[in-house]
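Enquirer: Sharing a structure with you now.
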Amino acid sequence: MQRSESPHPGRFATDPPPPGEGGRDVALMFMMSSGGLTAADLFQGKDAILSGPAGGVVGMAETGRAAGFDRLIGFDMGGTSTDVSHFAGEYERAFETEVAGVRMRAPMMLIHTVAAGGGSILHFDGARFRVGPDSAGADPGPKCYRRGGPLAVTDANVMVGKLIPDFFPKIFGPDQDLPIDAATVREAFAALAREVGGGRSPEEVADGFIKIAVENMANAIKKISVQRGHDVTRYALNCFGGAGGQHACLVADALGMTTVLIHPLSSLLSAYGMGLADIRATRQQAIEEPFGEEALAAIAAAGARLGQDARAEVIGQGVVPSDIAVHVRAHLRYAGTDTALEVNAGTLVPHLTGTALRGDAEATLSPPPSRGRPIRAADREGGKSEDEDPRDTPLPDPPPQGGREPPATDHAAANLQLKSLAEMQSAFETAHKARFGFIDQAKQLVVEAVSVEAVGGGAKFAEPLHAKTQAPLPAPAQRSRFYSAGCWRDAACYARSQLAPGHAVPGPAIIIEPHQTVVIEDGWRAELTEKNHLVLTRVVPLARRHAIGTEADPVMLEVFNNLFMSIAEQMGVVLQNTAYSVNIKERLDFSCAVFSGDGALVANAPHMPVHLGSMDRAVETIIRENKGAIAPGDVYAINAPYNGGTHLPDITVCTPVFAISARTEPPSPGGGGSA
């Protein structure tokens, strides 16, 4: 894409760059937050709020699919933040989102972001360590950048030996001719270790900060996976972003995952994903019909009409009609609730008859004008010429670019092949059970809306296969060591160019790629596949630690603080999603917290604070009045005014949680409460 001074992207459609400055035949598409491309004249700003991260999700899904994985967790760690996403065959989207305090109604990829990146600043407040949320940014950047910046996550990786100055470009310092400054980083961590006290070494302090950052990122992944009913241990972690490779094994271990995929373009995957994206058009219409035959007819009518409109928009951008798939989805919910779940309702299948159905009218059609570039044989076969390096990763060709006037009608009539009512209900119940843990057979289902998506015109790409080498693993480019999990570990350092498909590198090791560093932790092994993908696999079962002692530890204090906070936040999400009351769903008039076995507050979520002042009294009362009788599965409700109750409509619900220690002793209950 050529640089332009155009004040608005729509100008490209009417005033494209002259020849020699991009050319008038250049396909100019814009990425949307929904994960699709669109022409410049159809582009709107509201559709691009999360367009960059959406490109990463597309790249994550497509490269994961090419590698043979159908269940993926996207882990995109950059300099300021980390974006996480979930993919199990279909993109997950939110249709109403709040961004920077502004509520927007536009389809966006479901992406969760946390302030944990390479530039996240490290803090010690006298009692515990904290990572972020503030960032050092690119200027001044982390302390090792030689610009007087603060200690950041990148510096912690330098301190523990996971980032090696010898492999960094010499672009730092006043004259931009020096490597990163490891000596200054060591001095800063030594001073911080003295401040923390307790005999901790500088590398131990740095490793503690890395552990906190890893837990923050793991908790973010739980929000888009475990919290929504997905078992992440059955997924592969597709790791990308410039800082992702340094933490991939640790994040996977924190989640119980055993497989990590790192694509050769992983540090550039958001841009690569934009090149792989399809042209997409979406439509949505409210239905609000009780689930039944009338609702099925309404889905069919709306789906056919909206589907033809969406197809016409994609065809107008130069996509061959036969290459377009149209998906129809129904948004179902229980009556009295407002949490609708999206289920597959059918597909719009074209058949060549020369007419197209539009409502009750038929129109004779002619093929649309050709507006895209010709499709080459290499595009369809994913082939490469003999003089190209077979180990290079192919870059996708741009999708075809359309003109401003889409054809009014399609040259192919369309059949809407609907799912049956039983199939839709079964899909809804499966999704509801996974998300919320129950199915309400007594509740009437409601079809809230129907949405349609037309998809086509994406770059045809196939990554070439390479023969696995029979040669032994070469000698490492350098031998080093890094500090992890409480001790120094000898590590072999390889340049990615040294490795060929078939080579397997056991951990501890470091692989230096052109754009990032990949750390292979102890117990993991990295293998280069026939498609030049780096797949990390845990080959030694992870040993789970149990007792951590009773002394206050600034690292574990923050780790458990975040874990318990995450539990309380997930309690609130479930309560909000399953509640009928507008006070809970819309006003968020509730509080959730975790208490110890004696009723002491452990952690509370950032909900309505008014309930928390007396909630511990309610928990203490339940423990006292039911001593010896509390059992797993019990649920207690209380609103007694002399025992923690606030006023009549507020009810505190407490559920005991039992933990059995490694010693042979009775279970000890803790508790969670909500009001």
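The values are calculated or read from the model by the stated rules, or taken from the named source; none is laboratory data. Since we're looking at a predicted model, the values are computed, not measured. No Cβ is skipped: glycine too gets one built from the backbone with ideal geometry, and neighbour counts run over all protein chains shown. For accessibility, only protein heavy atoms count, side chains too; no ligands or nucleic acids. Shrake-Rupley method; radii C 1.70, N 1.55, O 1.52, S 1.80 Å.
Enquirer: Specify the residue that is nearest to residue 253 (Cα to Cα); the eligible residues are those in segment 515-537 that are assigned to a loop (DSSP other than H, G, I, E, B) and in contact (Cβ under 8 Å) with a residue 40 or more places away in the chain.
Expert: Result: 521.
Enquirer: What are the pairs with Cβ atoms under 6 angstrom where one residue, in segment 581-596, is in contact (Cβ under 8 Å) with a residue 60 or more places away in the chain and closer than 9 Å to residue 607 by Cβ and the other, located anywhere, is assigned to a loop (DSSP other than H, G, I, E, B) and open to solvent by less than 40 Å² (accessible area, probe 1.4 Å)? Sequence gap at least six, or different chains.
Expert: Here the result reads 591/675; 592/605, each pair linking segment 581-596 to a residue that is assigned to a loop (DSSP other than H, G, I, E, B) and open to solvent by less than 40 Å² (accessible area, probe 1.4 Å).
Enquirer: Take residue 214 and tell me if it is open to solvent by less than 40 Å² (accessible area, probe 1.4 Å), part of a helix (DSSP H, G or I) and of a type in the set (Val, Ile, Thr).
Expert: Yes.
Enquirer: Additional query: Can you tell me which condition residue 318 does not meet? The list is (1) modelled with pLDDT under 90; (2) small (Gly, Ala, Ser); (3) within 29 Å of residue 344 (Cα to Cα); (4) open to solvent by 20 Å² or more (accessible area, probe 1.4 Å), and all the others hold.
Expert: Answer for residue 318: the failing condition is (4).
Enquirer: A further question follows. Restricting attention to segment 516-558, report how many residues are modelled with pLDDT under 75 and in contact with a strand residue (DSSP E or B) (Cβ under 9 Å, 6 or more places away or on another chain).
Expert: Qualifying residue count, segment 516-558: 4.
Enquirer: Looking for whichever is surrounded by fewer than 21 Cβ atoms within 10 Å (Cβ to Cβ) and in contact with a Lys or Arg (Cβ under 7 Å, 6 or more places away or on another chain) here; the options are 138, 48, 88. Which one fits?
Expert: Just a single option satisfies the conditions, and that option is 88.
Okay, residues lined up against (1) closer than 21 Å to residue 446 by Cβ; (2) open to solvent by 20 Å² or more (accessible area, probe 1.4 Å); (3) among the hydrophobic types (A, V, I, L, M, F, W, C):
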{"residue": "268", "(1), (2), (3)": "no, yes, yes"}
{"residue": "284", "(1), (2), (3)": "yes, yes, no"}
{"residue": "309", "(1), (2), (3)": "no, yes, no"}
{"residue": "328", "(1), (2), (3)": "yes, no, yes"}
{"residue": "331", "(1), (2), (3)": "yes, no, no"}
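Enquirer: Give the residue, chosen from 606, 632, that is open to solvent by 70 Å² or more (accessible area, probe 1.4 Å), in contact with a strand residue (DSSP E or B) (Cβ under 9 Å, 6 or more places away or on another chain) and not hydrophobic (A, V, I, L, M, F, W, C).
Expert: Within the list 606, 632, the selection yields 632.
Quick grid of which residues meet (1) in a strand (DSSP E or B); (2) at pLDDT 85 or above:
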| position | (1), (2) |
| --- | --- |
| 427 | no, yes |
| 431 | no, yes |
| 438 | no, no |
| 450 | yes, yes |
| 454 | yes, yes |
| 471 | no, yes |
| 481 | yes, yes |
| 497 | no, yes |
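Condition check ((1) part of a loop (DSSP other than H, G, I, E, B); (2) of a type in the set (D, E, K, R); (3) under 29 Å from the mean Cα position of the chain (by Cα); (4) more than 20 Å from residue 338 (Cβ to Cβ)) across all residues:
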| residue | (1), (2), (3), (4) |
| --- | --- |
| 575 | no, no, yes, no |
| 588 | yes, no, yes, no |
| 603 | no, no, yes, yes |
| 613 | no, no, no, yes |
| 617 | no, yes, no, yes |
| 620 | no, yes, no, yes |
| 630 | yes, no, no, yes |
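Enquirer: Next question. Please determine, by comparing only the residues of segment 559-569 that are touching a Lys or Arg at 6+ places or on another chain (Cβ under 9 Å) and under 21 Å from residue 197 (Cβ atoms), which one is modelled with the lowest pLDDT.
Expert: The qualifying residue modelled with the lowest pLDDT is 559.
Enquirer: Among the numbered criteria (1) of a type outside the set (Phe, Trp, Tyr); (2) in a helix (DSSP H, G or I); (3) at pLDDT below 85, which single criterion is violated by residue 64?
Expert: Unmet for residue 64, out of (1) of a type outside the set (Phe, Trp, Tyr); (2) in a helix (DSSP H, G or I); (3) at pLDDT below 85: (3).
Enquirer: Filter segment 632-658 down to the residues that are assigned to a loop (DSSP other than H, G, I, E, B) and β-branched (Val, Ile, Thr) and list them by number.
Expert: 635, 646, 651
Enquirer: How many of the residues in segment 247-266 are buried (at least 24 other Cβ atoms within 10 Å of the Cβ) and in a helix (DSSP H, G or I)?
Expert: Here the count works out to 6.
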